[in-house]
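Taking it in order: structure first as structure tokens, then the write-up.
The values are calculated or read from the model by the stated rules, or taken from the named source; none is laboratory data. Being a predicted model, the structure only gives us computed values, none of them experimental. A quick note on method: Cβ atoms are made from the backbone with ideal geometry, for glycine too, and the neighbour counts reach across all protein chains shown. Calculation scope for accessible area: heavy atoms of the full protein, side chains included, ligands and nucleic acids excluded. Shrake-Rupley method; radii C 1.70, N 1.55, O 1.52, S 1.80 Å.
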Amino acid sequence: MKSKSSVTLLSYTTHLAEQLSRYNRERTAETYTAATKSLIAFLGGSDIPLSQIGCATITSYEAHLRLKGLTTNTTSFYIRNLRAIYNHAVDDGIINDAQPFRRAYTGTCKTQKRAIDAASIRKIANFQSDNIALQSAADLFMFSFYARGMAFTDIATLKWQNISNGYLRYKRHKTGQTIVIEWNEHLQRIAQKYQQGSSAYIFPIIKGVNPRREYLSASHAINLNLKKIAQRLGIATTLTFYVARHSWASIAYTIQIPVPTISRALGHNSESTTRIYLASLDNSAVDNANRLVLESVSF
């Protein structure tokens, strides 16, 4: 590291990212780096000493992101990551805290509902395309749904050894919690479709040359193809693997599966987390419940 007064944002972020990577926190390292590069691009490509990051710089940068059309939550995401980097530098004694983020918005706004209904899920399940990339995206989305909303990072690293005695067992990358799922015919059909030679992986996403880069590349491509699928099928919601997870939870709730069961199925440590998933449940389900109540007291 340079002398404290000359340490720049990019050099410190690079240093911080290297430390995070040693502790297998690559995702955090990547978000810090992305936020840093975004701010530097706004500054015309010039790096900036940490000590020169002031309130005016951050306020102007925030306005710049909004003018580019970024959502409030995306803008806040960049600002929060830059603030985290800055706070690390303060903790390391590199700079004194000038509170440059005090006027910036770092909260989150309620987003559009992430769940889609059962009819839309059936459309994706029945989707057929000669375009291999599109078909693969649809198949992986459905695999996620059939596996109770499995995250893409967990799907990408699934191996055949995770299946035994009729069950799929894996550790959630996000929490480290072990999840056990009955290996049903839907999962088998999709997995068998993509089985390749002697590969240990169920899906041809990770090939072993550069696993992290291969994962990120596949994730980006699949999300783009899911957007195309949604457009073709007339689904207004932007499809992601989060949508598969939220949809499984919402459909389960709609058919009156108890919240504790849904919570356990999703691998949540708290029912309060599950209820956040269900908070955006389509009002039609509530209206239907009200209709059933009224019918029960009708003469």
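Here the 3J(HN,Hα) profile of the range 183-199, calculated from phi with Karplus coefficients 6.51, -1.76 and 1.60 at θ = phi - 60°, is 7, 8, 5, 5, 5, 4, 4, 6, 4, 5, 5, 10, 5, 10, x, 9, 4 Hz, Gly and Pro shown as x.
For the range 6-94, what is the accessible area per residue in Å² when the probe is 1.4 Å?
Working: 4370 Å² over 89 residues.
In whole numbers, the range 6-94 has 49 Å² accessible per residue.
For the set Glu18, Glu182, solvent exposure ranked by accessible area (probe 1.4 Å, protein chains only) runs largest to smallest as Glu182, Glu18. Surface exposure of the range 154-287, expressed per residue as accessible area with a 1.4 Å probe, stands at 59 Å². For the chain, the share of accessible area belonging to carbon and sulfur comes to 50 percent (1.4 Å probe, ligands and nucleic acids excluded).
Converting phi to 3J(HN,Hα) with the Karplus coefficients 6.51, -1.76 and 1.60 and the offset θ = phi - 60°, the range 53-63 yields 6, x, 4, 5, 4, 5, 5, 5, 5, 4, 5 Hz in sequence order, with x at every glycine or proline. Our analysis of the range 2-95 gives Rg over Rh at 0.96, with the two radii drawn from alpha carbon positions and Rh computed by the Kirkwood formula. Helical runs (DSSP H, four residues minimum) scored at -39500 (n - 2.57) apiece and divided by the length of the chain put the mean residue ellipticity at 222 nm at -18000 deg cm²/dmol. Under a 5 Å amide H cut-off, with hydrogens placed 1.01 Å from N, Thr8 pairs with Leu50 among residues at least 5 apart or on other chains. Over all orientations, the range 59-214 has a Cα convex hull whose mean projected area works out to 14.0 square nanometres. Compared with the dominant Cα axis of the chain, that is its longest principal axis, helix 9-22 is turned about 50°.
Based on the Cα gyration tensor of the chain, what are the three equivalent ellipsoid semi-axes, each the root of five times an eigenvalue, rounded to whole Å and given largest first?
Values: eigenvalues 313, 136, 70 Å².
Those come to 40, 26, 19 Å.
Kindly give Rg over Rh for the range 132-202, based on alpha-carbon atoms, with the Kirkwood expression for the hydrodynamic radius. Write out the running numbers ahead of the final one.
Working: Rg = 11.6 Å, Rh = 12.4 Å.
That ratio is 0.93, to two decimals.
Any idea what log10 I(q)/I(0) is at q = 0.20, 0.27 Å⁻¹ for the range 55-110, Debye with uniform C-alpha scatterers and no solvent? Each listed q corresponds, in turn, to -0.71, -1.08. Computed log10 I(q)/I(0) for the range 169-228 at 0.17 Å⁻¹: -0.84, from the Debye equation with unit scatterers placed on every C-alpha and solvent omitted.
Please list the non-local residues whose amide H lies under 5 Å from the amide H of Lys159, H modeled 1.01 Å from N, same-chain partners needing a gap of 5 or more. Those qualifying (amide H under 5 Å, at least 5 residues apart or on another chain) are Ile202.
The C-alpha atoms of the chain define a longest principal axis, and helix 241-254 lies at about 40 degrees to it. Put a dot 7 Å past the Cα of Ala236, heading toward its Cβ, do the same for Arg25, and the two dots end up 4.0 nm apart. In the chain, the longest principal axis of the Cα atoms and the axis of helix 211-233 are about 60 degrees apart. Residues in the range 154-170 carry Karplus couplings, in order, of 7, 5, 4, 9, 5, 10, 4, 5, 6, 9, 7, 6, x, 9, 9, 10, 8 Hz; the curve used is 6.51 cos²θ - 1.76 cosθ + 1.60 with θ = phi - 60°, and Gly or Pro positions show x.
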